[in-house]
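The values are calculated or read from the model by the stated rules, or taken from the named source; none is laboratory data. This structure is a prediction, so every number in the text was calculated from the model and none was measured. Heads up, the Cβs are rebuilt from the backbone with ideal geometry, glycines too, and the neighbour counts pull from every protein chain shown. The area values use the complete protein model at the heavy-atom level, side chains included, leaving out ligands, DNA and RNA. Shrake-Rupley method; radii C 1.70, N 1.55, O 1.52, S 1.80 Å.
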Amino acid sequence: MLVVFAGLMIYATLHLPERGNPEAPMHQELNLVGKPVAGAYFIQNAYRDAATPNMVTVVLADYRSVDTLGEVIVVFTAGVACFLILRRRETDDS
Amino acid sequence: MNWLVEIVLYLLLLTTALLALSVRDLLAGAAAATAFTFTMALLFISMGAIDVGFTEAVVGAGIVGVYFFAAIYQTSRGTRD
Amino acid sequence: MIELLHDYYAYWAIMLLLVIGLYGMLIKKNLMKKVIGMVIFQNSIILLFVAAAFKWDATVPVLDAAHPTENVANYLNPLPHTLMLTAIVVGVAIVGVAFALLIAIYRNFGTLEEPELMERMRGE
Amino acid sequence: MTDPWTHLAVGILLPPFFGALVAALFPDRRRNGAWLAAVVSSGLTFAASLGGLAYAVIEGPVRYHLGGWQPPMGIELVMDPLAAFFCAVVTGMTFFVFIHGRSVVERETPHKAVPFYSAALLLLGGLLGIVLTGDLFNLYVFLEISSLAGYALVAIGDRRAPVSAFRYLILGTIGASFYLLGVAFLFMETGSLNMNDVAEVVPVMGESPATLAGLVLIVLGIGLKMALFPMHGWLSDAYTYATSTATAIIAPIGTKVAAYVLIRTCFHMFDPEFVRAEIPLADILGYLGAAGIVWGSIMAIAQNDLKRMLAFSSVSQVGYIALGVGLASPYGLIGAVLHTLNHAVMKACLFLVNTNLHQRLGHTRIDRLDRTTRIRMPWTMAAFTVAAISMIGLPPTAGFFSKWYLVLGSWEQANYVFLGVIVISSLLNVVYFFRVLEKVYLRSDGEAYDDASEREDAGVRREEVRASMLFPTLFLGASLLVLGLANAYIVIHVIRPMIPAGL
Amino acid sequence: MPIAETYSSSIPFWALVVSLLATPFILWSSRRPNLREFWTLLAAVIKFALVLTLLPGVREGRVAEFVLLEIAEGIELSLRADAFGVFFAVIASGLWILTSFYSIGYMRGHHEKKQTRYFASFAVSLSATIGIAFSGNLLTFIIFYEMLTLATYPLVVHSENREAIRAGRQYLAYALTAGLLLVAGAGWIYQMTGTLDFTPGGVLEEGMLSASGMRVLFFMLLIGVAVKGGIMPLHSWLPAAMVAPTPVSALLHAVAVVKSGVFGVVRMVGFVFGPEVMGAYGLSTILAVFAGITIVLASLIALRQNNLKRRLAYSTVAHLSYIALGAALLNADGFTGGILHISTHATMKITLFFCAGAIIVHLHRENVTDLDGAGRAMPWTFTAFAIGAMGLTGLPPINGFLSKWFLCMGSLDAGAWAVLGVLLLSGLLNAAYLFPVVYRGFFCFSNQFEGKGEASPFMVVPLTITAVLSIVFCLFPNVLFGLFDLASAVADSVLGTH
Amino acid sequence: MTHKSVSIIILVASRALARVIQLFGIYVIIHGHYSPGGGFQGGALLAAGVILMRMAYGREASQSEVSTGAAIPLASIGALLFAGTGLITLAFGGHYMDYGAVPVPGIEEPIVRYYGILLVEFGIGLAVMTVLVAIFDDMLSVPPEERVEGGAPDESSDPVPVERRNPMTR
């Protein structure tokens, strides 16, 4: 079954845009219906918007800051989860 | 030239992945998994994703590796499969 | 054919990795092996995103005066990179919780082998 | 410049997260503070959801741009009636379970009440994020928040709980990763992560195996999270071995939100016609749902533990929702959405009853329940009765009406299999609920029915659970009747506006 | 087709809920039996009075309507007190008063347990029955139909022994399956017509479905209602349910529940399918065949029953099919006779059950063969029993004669000789299984009941009243409530004749 | 792992290395605007330093940096710093997380965003560091030799087929 799955996946990838092609939809400035595409916008405007050269940082902490907030909360959740699962009595101060 | 390096890295990835899953010593498996993530980090960097590569190196090879060892330390090391 | 190989070999390798990871998660009987499979599985998806962000002849997404930003093809797409930063962190969090569960299981049942575990659970 | 009420979108999302973070600050001896944080924040977000629902229904959908960035750049929250409705359902149930849980949590998870509340709130926040977000990747992040919190909540419980939690984690991760893989395909094909953009681009782009693969992977991943029929294995153990409050929190809402994503993906992001024409995805979903309904019911009959029975019944009820989605018609959607609400209320009520029983009796084994149970806890059992009747789907309780719409939808498409399944499963529900009711209300076989046993019954003291636990149970039970009678109002004013134009 | 003038009135609603409102009071005063039964009687009297206030309007051809709320999209929870509904409601609520009195005597005389649950369930059942009577559309009907199922379940399992629990399970299995088929069928009809309102003459039209589709739909709905109506082969829960206390058997299993079933059959035939569709697709023949077989078979089985209540139960099964048969004839006399039989059978059969209950409580006898000489101990009771038996057989001057007369006329009218034969044959069979009881009571000498007098007046008075009513309604069919006019009005409205 | 190592080389090397790693971590957080790195990577590095100390010196080491009991509340504060920043922007009438909406006199909007990002990165760093350490602590909260108590399987019926040797000391 896994082999079949692999075959199907590889078949599906054949219809993806070629790797590294700058003409791929996600690298365009406008998409098929004429709306701006995020990646190009970030490259062009990141420094202007936040005075920070590292585009990844800007995207991370400004454009998509809620993703990052979610990420921090995921980490926090993991901490709470491990606490719940593993820790014993140590915090028992009664 | 660049993509030759990449192919080597891909092959390394496949090797380490299979190795990590097939060895019977879990500690060796964990080491292989760490190698896998580290190769992954190299591959990221070779593709120009320096941030991702850096993170993968710190986290995958560092923190996750430590967690692996700690978990194995807390449980058992041998396995039948 | 070479063209096809050149354009798509990365994806194929990624799909192979994916299936290897899936195999580890579903077929392997040792729970630690399942976690290793999970790491492989997640990383292969991350790799797919990063491979998708790749453009030939482009530079890293850090502003560089030598490359004007007007030409988008000069820089790699920073969006997937950002997403994958998050995905890596999420992956670590999951692995951490998985280890916590493994330790808890081992404390309770003294084994991480699935068949034995099932046997001992049935005894409850 | 913007209507201040549009901030309700983010107002729904934030309280649980702040609540979780603040709750974690309390030391164990101040655990009541954590409880208060949980109740207050879930109450706040419940109020905000109701407000948001009213706003979305009256004023139309809200698109809230987080960080002030336009959608393809930034992330947007979409608070349309569908999303607000699901938020209200999810937060409402959690709110009542929190009120109910105060003493139970302390007893069931000694010294860990604080992280318990924190994790529960994170679960709630994650689910709300899934519902509200309009961004594919953001959804993944929230999905993982809720999943991680879910694993943690499931892992505390009896000795077997970590094992079931680990299985849940493996399958949940596969599900979430499939989802992410699907997102990768869609992203590479369309160049956008915004659901709205994807919805616009896909028809222009035309069909492509890669897009289809993306869709299938997303549905597959969400199906895993939703415990859709062949992928339901994790659910029963996870619900059974967890503590009762944890189950009461997760069970009513966890699978519902996955169902929501399914609705969003199949009807909003992709044109329903596309879904129907390219691959019989909707049909497959429907038939899987039907299979799940029957399978879950049969398994529920075989169980001896009340909690486990309810868990299998969840598999079956999720099947109803999938069946409604699979019908891919207005009636099907109405049925699915209405059933989400009804089932959430029913399951919350039933699991609270389960908790109450566990609190007083120390077990929830069906073969050890008898009429003294009812004499001791008459109100709890009354709530159970109402909820059971609703689960069976008898009028005028809420459960009947969601089935009614599903029946209408099945007739509309002349799908006799679905129709038969709905009928048969109701009968199976009768079997497993009346088995309990008979035990609780009637004498067991051959037991003497005379004055002596009457006196014996009179000797059993009434020891109902405390008011803070009883009130939410009864409230949910009573609201089943209200929901049943008010369903037309809900359908016309709230659910109708959700139906996408394409259907 | 006469368009009934409708007016808005909340009386049907109040008539419906009054017994529902009494339920909490009944539960609350569980420790004070007198107060508890006071509530029951109060509710019964108020309900009857409210139903009676609807009567004049209905006789003038006006229909009280009350829309409570929209119960599902496009469908309202509407109560319509049309002639047929009021007809049924008058019978059910009127007999409830008598049954309540009788229950008090019976339950106390028999030292039954759980009397509070009993009275509460009884009150809810009555509400559901009135709801069925006044239902303005199929969905409302289904809602009350299921409510009735649930409310009577505690009554069936009342004695909580193994037999009762088994009977309860059987009852639930039959009734809930039936309810689901009704739901499914209702969904289909709504899908086709966009309405579920009960319309005189039917909502379905020829050509809406293929012949086989129409038959399937008819079977779904028929099975749905026929389970409660006890049409064979779906009758078997009814004799099993005779383990319930006798007043339950009397009111619910001779009047309210089973009559709800046949009421539903008539509603389906006359108000959903309509005579044209019924005739065009041969559906009436199907119904007639089932009903006819039921009548003969059930009568034959009744002959073999020694347990008095079971014998009466099979008799009930047979007589319910009279009503279905009347509806299946699809002409004015048939309809009138069938509908009239709802009322006539109610008074007669309740008399018989009351008698059986009195015998059980007072003489502790359940079998027919043990009743030698009982008539001398309980002359009133056995006289009443004789009247009921005569009525069921179809002898004048008991009202059973009247309805049977019309049924026979209808079958002649329709040229259905087989139906006529069935009716006559069943009359003979009725005599064969009922008169032995009377015979044993009065003419077989035994002194086993030496010194036993009549049962308590709580029981004797109601059964005397119902027996007298049986006679009165034959001699003066329009007296008090104008039942005959109502029945023929219903027939007219369905068939579109004047 | 849970106790102080016996090897002097490990002790000295880890102490030195840990400080370097932590310093580098702080640098990575602050310099994330210009080069790869940011709150997460820096936080992970800081955590790595602490974990290294704990691995070498036992569980009680470096408690002053991240104490075991206070880790989760500290993480909560870190995340609150992040989420609270968004709340401030909301208070100034912007959308959630719209740093530009905060009117800081004399500073242009992009610069406000610049500092907003920095603030957020600190929050991330704090949360990530503490949580990663907390998970490590939790994993080692019960040393292997004590773990028989409280729910280990019945030893008499269980032949203990698993290795109990400490994999780290081999």
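Tabulated values for the structure
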| read-out | value |
| --- | --- |
| Relative packing of peptides E:231-241, D:3-13, D:167-177 - highest average C-beta neighbours within 10 Å first | D:167-177, E:231-241, D:3-13 |
| Over 30 Å (Cα to Cα) - which of E:114/E:309; E:228/E:404; D:256/D:307; C:28/C:55; C:29/D:307 fall in this group | C:28/C:55 |
| Amide H partners (placed H, <5 Å) of residue E:137, local residues excluded | E:78, E:198 |
| Segment D:326-401 shape via C-alpha gyration tensor axes, a/c threshold 1.5 | prolate |
| Table column - 3J(HN,Hα) (Hz), segment E:283-289, Karplus curve with 6.51, -1.76, 1.60, x for Gly and Pro | 6, 5, 5, 4, 4, 5, 4 |
| Cα long-axis angle, helix D:161-190 against chain D (0 to 90 degrees, to the nearest 10) | 20 |
| Mean separation of Cα contacts under 8 Å (6+ apart) over length of segment F:8-141, as relative contact order % | 29 |
| All lysines inside 24 Å of residue C:33 as judged from Cα atoms, apart from same-chain residues fewer than 8 positions distant | D:225 |
| Helix-only mean residue ellipticity at 222 nm for chain D, each DSSP H run of n ≥ 4 adding -39500 (n - 2.57), per residue, nearest 500 | -25500 deg cm²/dmol |
| Summed buried accessible surface, chains D and A, 1.4 Å probe, nearest 100 Å² | 4100 |
| 222 nm mean residue ellipticity, helices alone, for chain A (DSSP H n ≥ 4; -39,500 (n - 2.57); rounded to 500) | -17000 deg cm²/dmol |
| Whole-number D in µm²/s for segment F:8-141 (Stokes-Einstein; Kirkwood sum over Cα pairs; 4 °C, 1.567 mPa s) | 82 |
| Tail beyond 12 Å, pair distance distribution of segment E:111-160 (Cα, percent) | 59 |
| Rg to Rh quotient for chain E, alpha carbon positions, Kirkwood Rh | 0.95 |
| Protein accessible surface hidden between D and E, which excludes ligands and nucleic acids, total in Å², probe 1.4 Å | 3400 |
| For segment A:1-36 versus segment D:239-270, the gap between their alpha-carbon centres in whole angstrom | 30 |
| Helical contribution to [θ] at 222 nm, DSSP H n ≥ 4, -39,500 (n - 2.57), averaged over chain E, rounded to 500 | -24000 deg cm²/dmol |
| Nearest-20 debye value, segment E:1-135 charge dipole, Cβ charges on Lys, Arg, Asp, Glu | 900 |
| Whole-angstrom gap from segment E:337-360 to segment D:349-409, using each part's C-alpha centre | 38 |
| Dipole moment magnitude, nearest 20 debye, segment E:1-73 about Cα centre, only Lys, Arg, Asp, Glu C-beta charged | 540 |
| Accessible area (Å², per residue) of the protein assembly as shown, counting only protein heavy atoms and a probe of 1.4 Å | 31 |
| Built amide H within the under 5 Å cut-off of residue C:59, gap 5+ | C:75, C:76 |
| Rounded if a/c under 1.5, otherwise prolate or oblate - chain D, Cα gyration tensor axes | prolate |
| Partner lysines for residue E:47 [C-alpha distance under 21 Å; skip if fewer than 8 residues away on the same chain] | E:259 |
| Percent of C-alpha pairs per 10 Å bin, the protein assembly as shown, short to long | 1, 8, 15, 18, 16, 12, 10, 8, 6, 3, 1, 0, 0 |
| Crossing angle, helix E:83-109 versus chain E [Cα axis fit, 0-90 degrees, rounded to tens] | 20 |
| Exposure ranking of D:96, E:219 by accessible area [1.4 Å probe, largest first] | E:219, D:96 |
| Assigned charges on the beta-carbon of Lys, Arg, Asp, Glu; segment D:240-329 dipole about Cα centre (debye) | 340 |
| Highest-first arrangement of E:314-326, D:69-81, F:98-110, where packing means the average Cβ count within 10 Å | E:314-326, D:69-81, F:98-110 |
| For segment F:130-140, 3J(HN,Hα) per residue [Karplus equation, 6.51 cos²θ - 1.76 cosθ + 1.60, θ = phi - 60°, Hz, x = Gly/Pro] | 5, 5, 4, 5, 4, 5, 4, 4, 5, 5, 9 |
| Solvent-accessible area, 1.4 Å probe, carbon plus sulfur percent, for chain D | 63 |
| Degrees separating the helix C:78-109 axis from the principal Cα axis of chain C, which is the longest one | 10 |
| Prolate/oblate/rounded call for segment C:2-122, Cα gyration tensor, a/c under 1.5 rounded | oblate |
| Under Karplus coefficients 6.51, -1.76 and 1.60, residue-wise ³J(HN,Hα) of segment A:23-34 in Hz, glycine/proline x | 8, 4, x, 6, 9, 6, 8, 10, 8, 4, 9, x |
| Highest-MSF residue in chain A out of A:69, A:30, A:14 [GNM, Cα springs under 10 Å] | A:14 |
| Shielding of D:328-340 by partner chains, average beta-carbon count, 10 Å | 1 |
| Cut-off under 5 Å, modelled amide H: who pairs with residue E:67 long-range | E:79 |
